[in-house]
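We did not get these values from a lab; they are worked out from the coordinates using the rules stated. Keep in mind it's a predicted model, so treat the numbers as computed, not measured. Reconstructed Cβ throughout: ideal geometry from the backbone, glycine too, with neighbour counts over all protein chains shown.
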Amino acid sequence: MDQAAEASGGGSFTPLLLIVLLFAVMYFLMIRPQQKRRREAAQMQNALGPGDRIVTIGGLHGTVVAVSDDVVTLEIAAGVQVDFARPAIARVVTSTAAVPAADEIVEPEPAPVAEEPIVNPVTDTRKKD
């Protein structure tokens, strides 16, 4: 009878170990990546500045005109400005730091076009009389 009690008492540690292992796997596969995404989104939303081209969570494209504590003013068309909550900004398309100023933009010169005779690639296969 003592052997049966010892055998059943030793097996209760395994299910507890499996539950702890399951929670560890859930943490590393689900919770941690979500926290990382949330941190990156908050960092992106805090770095917004006037001139940034953005996309909202609803798919609206616009240019940031002004930024206050938790409100971002966007210009979605010429003369049309709307206010959005800062968490409604999904991503930044172009940042003002990445866009050169208008006087710094240098347009490349067009490449010279060489005039070559046009050769017809179609050959005539009909019989001639």
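Placing a pseudo-label 7 Å from each Cα along the Cα-to-Cβ vector at residue 125 and residue 78 gives an inter-label distance of 5.6 nm. Extension gain, residue 25-residue 90: 0.36 nm per intervening residue step, less the Cα-Cα distance, totals 20.5 nm. Exposure proxy ranking for 67, 20, based on other Cβ atoms within 10 angstrom of each Cβ and starting from the fewest, stands as 20, 67.
Given a Förster radius of 22 Å and the C-beta distance between residue 66 and residue 35 as r, what FRET efficiency does 1/(1 + (r/R0)^6) yield to the nearest 0.05?
Numbers: r = 30 Å, r/R0 = 1.37.
The value I calculate is 0.15.
Taking other Cβ atoms within 10 Å as a rough exposure proxy, 92, 72, 55 sort from fewest to most as 55, 92, 72.
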